[in-house]
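Below is one structure, written out as structure tokens; comments come after it.
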Amino acid sequence: MRRFEPAMFKFLRRFPSKVWLFLGGIFVCAGWFFLSEPFKAPELTVQGKTLLSWVDSLILQEKRAEATQVIHNMGVEAIRPLVGELRSPYPWLTVLNRWLPPHRDGLDYLPASFQDIVERHSRRAEQVVVLMTHAPAHWRDAMVEALIPILSHGHVAERNWALRILITFPTQMADHVAALRACLRQPVRREGDVIMLVNALALARSMGELAKDLEPDILPWLGHEDRRIRHRAILAAGWLGLNGESCFPKLKPSLEGSPHDRRIALQTLSKIAPPKDECMIYLTEALKDPDEDIRRYGAEGLGNLRESAISHLEALLPLLRDPSMGVRVAAATALGDMGPKAKEALPFLHDAMNNDFSGVGQECRMAIEKIDPTQIGQIIVR
């Protein structure tokens, strides 16, 4: 006896299982598309307008001041909804971009109407960033706590928004170095990755020694081919006070590069230079450079090496008569930092002190005091 089989089942059996698997995949993707819009809690309302309506008012110049004041007056309860606006409403778009070549954007393959939706979200997120960077002081701790999960697990665009806010509150990041490390380890494939990494390095730089544990994550970027990443990493290394022995080999290509590369590299080298002959050669050569900033960084670097750079004392003496006041100050300070072993510089410091009326005399006096305190009573600063 044959089992009864509905006509619909007979129809469905005509198609191979691969077809149904394909159609099922389309169904799942469609569901993700429509359900990926994040759940929004009931919005705060003031003067008959929702929080997001006030955010949209920030775009208009004539309403910006009022909207900013209203949102800030809502208190810390407004922070979570505002941070929610930094989240991408369509995370699958970021996943799609990972599979596309670096020069392609998944948004280009979508209808113009959908592109407008994404663009509108970006404009609103931009307004939220500006609003939160100027937030009241009592918002800061709660704001940082709300933004940290984005740094740890957010998509590139979301991290960029968060980093631009957090860079204005570096001291609040002291307990969240691990979240910043996640950004510094992000592979660079697209322009968005570059911008995110530049912002992460800028935040590390503003944190200074609070971010010193990030040294292993910053070192690989010191020699990166992209100039923006390389320069930010070099500046961060100087402000964080990273180990000069580790950084110097990676700085050498920049020290021998374009004038701008040299200026950035010498600015950092002046802070972290190790007491190595090769390093001192770069600093000494910088004293003869036509760029006054480079001459100043060279003098500061030798001064920071203190007695280790005493053999290069004579190279600093001509800078006491440099046309640039900043260079003269750096040279006088560097000679003083070399301590009692720099007695050879005393006649030159006395001469500069008595003949320089631009305010450098006080720096020369301090340098003389460090080299030979017994001469203080004999000094009259003009």
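For segment 44-68, name all the residues that are closer than 14 Å to Ala78 by Cα and charged (D, E, K, R).
The initial filter retains those residues of segment 44-68 that are closer than 14 Å to Ala78 by Cα, namely 44-46, 49-55, 67-68.
Within segment 44-68, Lys49 is the sole residue that qualifies.
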Residues of segment 134-175 that turn out to be acidic (Asp, Glu) and not assigned by TED's automatic domain parsing to the domain that holds Thr68, as a count: 1
List every residue pair whose Cβ atoms lie under 6 Å apart, where the two residues are 6 or more positions apart in sequence or sit on different chains, the first residue falls within segment 289-302 and is on the phi < 0 side of the Ramachandran plot and touching a residue at least 12 places away in the same chain (Cβ under 8 Å), and the second residue, located anywhere, is surrounded by fewer than 17 Cβ atoms within 10 Å (Cβ to Cβ) and part of a helix (DSSP H, G or I). Arg296/Gly326
Condition (residue is basic (Lys, Arg), at pLDDT 90 or above and not assigned by TED's automatic domain parsing to the domain that holds Pro253) applied to segment 343-356: is it met by at least one residue? no
Would a scan of segment 251-258 turn up a residue that is charged (D, E, K, R) and outside the structural domain of Leu197 (by TED's automatic domain parsing)? no
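Hey, among the residues in segment 278-314 that are touching a His at 6+ places or on another chain (Cβ under 7 Å) and farther than 13 Å from Ala342 by Cβ, which one's surrounded by the most Cβ atoms within 10 Å (Cβ to Cβ)? Let's see the steps before the verdict.
Step one: of segment 278-314, the residues touching a His at 6+ places or on another chain (Cβ under 7 Å) are 280, 284, 302.
Imposing the further condition that a residue be farther than 13 Å from Ala342 by Cβ reduces the set to 280, 284.
Working: Met280: 21, Thr284: 19.
Out of the qualifying residues, it is Met280.
Report the residue count in segment 280-291 for those that are part of a helix (DSSP H, G or I) and closer than 17 Å to Ser258 by Cβ. Working first, answer last.
Residues of segment 280-291 that are part of a helix (DSSP H, G or I), as a first pass: 280-286.
Still in the list and also closer than 17 Å to Ser258 by Cβ: 282, 285-286.
Qualifying residue count, segment 280-291: 3.
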Which of the residues belonging to segment 57-72 are among the polar types (S, T, N, Q) and either crowded, with 17+ Cβ neighbours inside 10 Å or closer than 15 Å to Met132 by Cα (or both)? Ser57, Thr68, Gln69
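Can you spot a residue in segment 100-112 that is among the aromatic types (Phe, Trp, Tyr), modelled with pLDDT under 85 and not assigned by TED's automatic domain parsing to the domain that holds Met207? Let's see the steps before the verdict.
Step one: list which residues in segment 100-112 are among the aromatic types (Phe, Trp, Tyr), which gives 109.
After this cut, where a residue has to be modelled with pLDDT under 85 as well, the list is 109.
Now narrow it down to the ones that are not assigned by TED's automatic domain parsing to the domain that holds Met207: 109.
Among the residues of segment 100-112, at least one is among the aromatic types (Phe, Trp, Tyr), modelled with pLDDT under 85 and not assigned by TED's automatic domain parsing to the domain that holds Met207, which makes the answer yes.
Each row is one residue, and each column tells you yes or no for (1) of a type in the set (Asp, Glu); (2) under 29 Å from the mean Cα position of the chain (by Cα).
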residue: Phe248; (1), (2): no, yes
residue: Tyr282; (1), (2): no, yes
residue: Gly303; (1), (2): no, yes
residue: Glu307; (1), (2): yes, no
residue: Glu314; (1), (2): yes, no
residue: Leu317; (1), (2): no, no
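The values are calculated or read from the model by the stated rules, or taken from the named source; none is laboratory data. The model shown is predicted, which means the values in this text are computed figures rather than measured ones. Here the Cβ is made from the backbone with ideal geometry for all residues, glycine too, and neighbour counts use every protein chain on show.
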